1. Put LEU374, LEU292 in order of accessible area, largest first, 1.4 Å probe: what do you get?
2. To one decimal place, what orientation-averaged projected area in nm² is obtained for the convex hull of the Cα set of segment 66-120?
3. What list of ³J(HN,Hα) values in whole Hz, one per residue of segment 359-367 in order, does the Karplus curve 6.51 cos²θ - 1.76 cosθ + 1.60 (θ = phi - 60°) give from phi, with Gly and Pro shown as x?
4. Ignoring ligands, DNA and RNA, what percent of the accessible area of segment 339-404 is carbon or sulfur (1.4 Å)?
5. For a 29 Å ceiling on Cα separation, which of these pairs sit above it: LYS272/LYS304; LYS112/LYS168; LYS297/LYS476?
6. Mind listing the phi-derived Karplus ³J(HN,Hα) values for segment 89-105, rounded to whole Hz, using 6.51, -1.76 and 1.60 with θ = phi - 60°, and x for any glycine or proline?
7. Karplus couplings for segment 215-224 from phi (6.51 cos²θ - 1.76 cosθ + 1.60, θ = phi - 60°), rounded to Hz, Gly and Pro as x?
8. Can you flag which of LYS223/LYS355; LYS138/LYS462; LYS189/LYS409 are past 25 Å Cα-Cα?
Amino acid sequence: MSLTQWLKTGSVKTRTPVTPGLPDPADCISTQDALIVQTANDAVDTVVSAPSRKRKRGDYINYNEETRAKIARYAVDNGVARASRKFTSDLGRKVSETTIRSMRDTYVKLKKKVGTELATLPHSPRGNPLLLGDLDTKVQDWIRKVRINGGVINARIVMAAAEAIVTKFARHRLERYGGHITITNTFAKSLLRRMGFVKRKGTKAVKHLPNDFDDIRQEYISKINNVREKHNIPDTLIINWDQTGCQLVPGGDWTMEKEGTQQISISGLDDKRQITLLLAVSMSGDLLPPQLIYPGKTDRCLPKGVDFPSTWDVTCTETHWSNEDTMMQFVNKVIVPYVDEIRDSMPLNNSTTQKAIAIFDVFKAHRGERLLNLLKDNDIVPLFVPAACTDRLQPLDLSVNREYKEQLKSHFHDWYSAEVIHQINEQEDSTGEIAPDNVVVNMRTSVLKPIHANWIVSSHNKMSTRKDLIQLGFRKAGLL
């Protein structure tokens, strides 16, 4: 058969386009089934190809306050319909009767309230009402003055200042009406955005889990369980420790800066002052005494007048970072006494030979030969958290560290709020306004250091009762 004859005989079969996911009519056995399937396909195609019925938003026109007042006043004197015709002609665009009616009603209410004719008719406020009402302006004024004087600006400080101003200026109103205002982090960030502040964040290396993380995790858990079972180690002698930076002024990774600013020239804006806090916990839920490392070369850098518990290890290094010497000191003063105390409480046949486990990350200060030998000499088996996996396998990182810092932030919040109230009381003039000079809360290191130390003592005492939270970290790491 030639190509021409083949084409004339209709041997070329065309297939009807089919909607993806629906059956093909050509695959049906009977003609009736094919007709049903084709009808269904056509119906689906009609729905999918139908144009959207969503109405296009109209072109809204904003009138200035003077024009709004003229339109409303004319409508009061001559009626809405006549005003619509007149101003449609005068302005060269349609001015609807609905718009004029709304302007007229607002004009009449304001005129009745003021008692005279209005030269301007302001627009109605948009959005939700402000949480603090007229006090919102006072909070903004305070923030601007703190900013001008070189103070720290972040959400935590805004929350504390707002709470203080509400307590000072609205306490009687709240007591009278039985109300309560909760100042949240969301409110603080919203206020800063309204003031034109934007987030600025320092660049950090992105954390990536190893590709074989599941295998690493399983090996890590198996290693700890094998040592535990081999030496019959109780939960009280499975210890995890970890260092964490502790800022004197909590601000997180974000700082606030005026939008469009090219350079941050205020030294106090991004407060880097911090110490190293070394925490240790046991799998049984015990919170051991901490180590605090302050920046400095001698003991003169330590906070004055603070009654630290005698079991705490408070020391200093030039950079406030842990090193092998501070780790040796911590193990000798905190870990070994704790392990010996647990051993002394055990039956006599196990007390002298009972081994313990210390779990920590592969930080340089933890890998020194002197430290590892010290642990082994005290029958403490050192086990490392796999590198680049601490946020998933370090018990302290998974529960206690975050909550501990939240406690410190809460203390800072209460203290800052009280300081703001004190300054308002000291500097308030006869009109009830805050005086513009010297409004920044004193946050020099010499002032904050002892206050911050007392916050740590208080937070540690509170966290020591949270056995469930401590054990949660071991559970999340797959160890409990």
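The values are calculated or read from the model by the stated rules, or taken from the named source; none is laboratory data. Everything quoted here is computed from the prediction, not taken from an experiment. Note that we place each Cβ from the backbone using ideal geometry, even for glycine, and neighbour counts take in every protein chain shown. Areas reflect the complete protein model, heavy atoms only, side chains present, ligands, DNA and RNA absent. Shrake-Rupley method; radii C 1.70, N 1.55, O 1.52, S 1.80 Å.
1. On the way: LEU374 30, LEU292 0 Å².
Result, largest first: LEU374, LEU292.
2. Directional mean of the projected Cα hull area for segment 66-120 stands at 3.3 nm².
3. 10, 7, 7, 8, 4, 3, 5, 8, 9
4. Details: 1580 of 3270 Å².
Heavy-atom surface of segment 339-404 belonging to carbon and sulfur, 1.4 Å probe: 48 percent.
5. LYS112/LYS168; LYS297/LYS476
6. 6, 5, 8, x, 8, 5, 10, 6, 5, 4, 4, 5, 4, 5, 4, 4, 5
7. 5, 5, 4, 5, 5, 4, 5, 5, 4, 5
8. On the way: LYS223/LYS355 15 Å; LYS138/LYS462 35 Å; LYS189/LYS409 16 Å.
Correct reply: LYS138/LYS462.
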